[in-house]
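K.L.:
The structure under discussion is supplied below as structure tokens; questions concerning it will follow.
The values are calculated or read from the model by the stated rules, or taken from the named source; none is laboratory data. Since the structure is predicted, the reported quantities are computational estimates derived from the model, not experimental observations. Positions of Cβ are backbone-derived with ideal geometry, glycine not excepted, and every protein chain shown enters the neighbour counts.
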Amino acid sequence: MDRESVDRLRFDRRLQRRRDWVEASDVEAQLESLPDVSDKMTTAAELEAEEEAARENAATEAANAPAPEAAPAAGAPSFGGPTTVGGGGFGGDGTSFGG
């Protein structure tokens, strides 16, 4: 194995308990040299708050959605809905389901 490969594995947690692999002082020095990324940490409370806000936004959008269109007035032409082509059912006359 080349030196770079061994250096990358030196502080692998899976190999940390291997006898004479790395000194405890080297591990401490390595940990101290790592950058502080605690500002990127997310807690469960923050995730729950985001989910709750998303639910509230969805409820607000549903409440503010436009109402469905009203039924056409009596006598007005209707351009949609079910058709009765072929009798309207599986049997042809709309009342039977077989031949």
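K.L.:
Could you figure out which of (1) over 39 Å from the mean Cα position of the chain (by Cα); (2) modelled with pLDDT of 80 or more; (3) surrounded by 10 or more Cβ atoms within 10 Å (Cβ to Cβ) isn't true of Ser25?
P.N.:
Status for Ser25: all satisfied but (3).
K.L.:
Okay, next question. For residues in the stretch 7-22 being among the charged types (D, E, K, R) and in a loop (DSSP other than H, G, I, E, B), which is surrounded by the most Cβ atoms within 10 Å (Cβ to Cβ)? Before the answer, list the steps.
P.N.:
Our first condition is that a residue be among the charged types (D, E, K, R); within the stretch 7-22, this holds for 7-8, 10, 12-14, 17-20.
With in a loop (DSSP other than H, G, I, E, B) added as a condition, the list becomes 12, 17-20.
Values: Asp12: 11, Arg17: 7, Arg18: 9, Arg19: 4, Asp20: 5.
If we take residues in the stretch 7-22 being among the charged types (D, E, K, R) and in a loop (DSSP other than H, G, I, E, B), then Asp12 is surrounded by the most Cβ atoms within 10 Å (Cβ to Cβ).
Per-residue answers, yes or no, for (1) at pLDDT below 75; (2) assigned to a helix (DSSP H, G or I); (3) in contact with a helix residue (DSSP H, G or I) (Cβ under 6 Å, 6 or more places away or on another chain); (4) of a type outside the set (Gly, Ala, Ser):
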site	(1), (2), (3), (4)
Ser5	no, yes, no, no
Asp36	no, no, no, yes
Glu46	no, yes, no, yes
Glu50	no, yes, no, yes
Ala67	yes, no, no, no
Gly75	yes, no, no, no
Phe90	yes, no, no, yes
